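Structure record follows, encoded as structure tokens.
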Amino acid sequence: MDKIFLVYNDTVYTYEQLLMDLNSKDAGYSYLYVKDNHPYEVFLGIIHSLIFDYPLEILDGDFSKKEISELGVDTNLLTTKVLKHERLQFRNMDEVMRRIYKIEQWMLTLYTSGTTGRPKKMGHTFDTLTRNVKVHAKFEHCVWAFAYNPTHMAGIQVFFQAFLNQNPLIYMFGKSMSNIKILMEMYQITHISATATFYRNILPYLQGTTYPIMERVTFGGEKFDLLLEEKIKNAFPNSKITNVYASTEAGSLFAAKGDVFEISPEYKQLVKITAQRELCIHRTLLGKTHSLENEWFQTGDFVETIDETHFKFQSRQSDMINVGGYKVNPIEVENLLMQVPGIIDVVVKSKKNSVTGEMLVADVIKYEELDEKELKKEIKQFATTHLQAWKVPRIIKFVDELLITRTGKKVRK
């Protein structure tokens, strides 16, 4: 049987098909952009641009014409063949891999999610995108769940980790949570990387089931949740659990077991934490940005310093909520409320208030069998007991699902 490259919407794409498509794609012509919701087309475009060494920009498939125009992209170029290149015929994927590692000038441009304003453009080389990718014969058996947006940094990094080891990718991003269990069992998934939101959403469907075949579970994109880690350990008892810090601007930089990140010796002079506790990274760790005016990039992430080489992520600057002059970290409130039995997930956000400027609202997903009135009373009582008054949500709403961004993170605005 041909080795699987990607499973998407019940369609199986093999590495043999990928090889044929790379050899025949556009008969020696190339595009400057990929704008597609279909992950196979995104991945095919990336690999094609890499082996023929031409620059490529990736746009979200659901970007509107207005958004594309605001990014300064000529919409006519999205469907125009603009580059002619020599055609090459690869006999197998090993030849493709050897070609990839010879490429030196290639550039891939991504856009940030735009959750705090207009998406920003960031170019990356093969080296910055694969900084923490591990390629070895011992990874040949891995089967990867794909739980990120394929046009954003986290998704691109999972793609390269799987592709460079010629592993299968089983697409799960944006899919019904009830199908995840079926896919995991059908394809015997061994590795998964996703946001905490994704894990919380799949756990109710994994109740009473364990997956000893799962080898590694990686958290990324959102603050690590120690309570969630314990539940993940129950579902995947043999897995190693890793917490990764990454950004569109820099790619993956730090990894941790638990919520304490370590600054490795090679990065010690390239990372600093300001007096305001904001994490900054040196421009040499970034992709090819054209907008940075000084040596240090301000990540907008606030951290708690443990010692000179260790820190904990606390919050995004853009997520902080001003309640009557008090700065509230919504992640702190969410983590507290998640301790209330019966809550599957919760998002804390702000609502305009004439007295305090903003007040806190909690959208809660609960187990169906629980009474809303009783659970709301328990949440209020628990929050009042454990939080300062200005951190207690004034409005609690029960919802069927939480809104997420294009990258799968909670929407707090």
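In this structure, does GLY221 turn out to be in the same structural domain as GLY61 (by TED's automatic domain parsing) and crowded, with 20+ Cβ neighbours inside 10 Å? Yes.
Cβ-Cβ distance below 6 Å, separation of 6 or more or different chains: which pairs start in the stretch 322-336 with a residue that is outside the structural domain of ASP301 (by TED's automatic domain parsing) and end on one that is in a strand (DSSP E or B) and at pLDDT 90 or above? Final answer for the pair search is PRO330/VAL348; VAL333/VAL348; GLU334/VAL346; GLU334/VAL348.
Counting only residues that are part of a helix (DSSP H, G or I) and crowded, with 24+ Cβ neighbours inside 10 Å, the stretch 133-154 holds 2 of them. If you go through the stretch 287-297 and keep only what is modelled with pLDDT of 85 or more and either among the aromatic types (Phe, Trp, Tyr) or surrounded by 12 or more Cβ atoms within 10 Å (Cβ to Cβ) (or both), you end up with TRP296, PHE297. Summed over the stretch 308-350, the residues that are over 21 Å from HIS386 (Cα atoms) and over 27 Å from the mean Cα position of the chain (by Cα) give a count of 1. Evaluating ILE192 against the criteria (1) in contact with a Ser or Thr (Cβ under 9 Å, 6 or more places away or on another chain); (2) not assigned by TED's automatic domain parsing to the domain that holds PHE159 leaves one unmet condition, (2).
Look at (1) modelled with pLDDT of 85 or more; (2) more than 26 Å from SER247 (Cα to Cα) and you find that PRO55 fails only one, number (2). Across the stretch 114-132, the number of residues qualifying as assigned to a loop (DSSP other than H, G, I, E, B), buried (at least 19 other Cβ atoms within 10 Å of the Cβ) and at pLDDT 90 or above comes to 1.
Taking the criterion of being in a helix (DSSP H, G or I), buried (at least 17 other Cβ atoms within 10 Å of the Cβ) and not assigned by TED's automatic domain parsing to the domain that holds LEU227, would at least one residue in the stretch 356-368 satisfy it? Within the stretch 356-368 (the criterion being in a helix (DSSP H, G or I), buried (at least 17 other Cβ atoms within 10 Å of the Cβ) and not assigned by TED's automatic domain parsing to the domain that holds LEU227), the answer is no, since none of the residues qualifies. Scanning the stretch 298-348 for residues that are surrounded by 19 or more Cβ atoms within 10 Å (Cβ to Cβ) and among the aromatic types (Phe, Trp, Tyr) gives PHE302, PHE311, PHE313.
The values are calculated or read from the model by the stated rules, or taken from the named source; none is laboratory data. The model shown is predicted, which means the values in this text are computed figures rather than measured ones. Methodologically, a virtual Cβ is constructed for each residue, glycine included, from the backbone with ideal geometry; neighbour enumeration extends over all protein chains shown.
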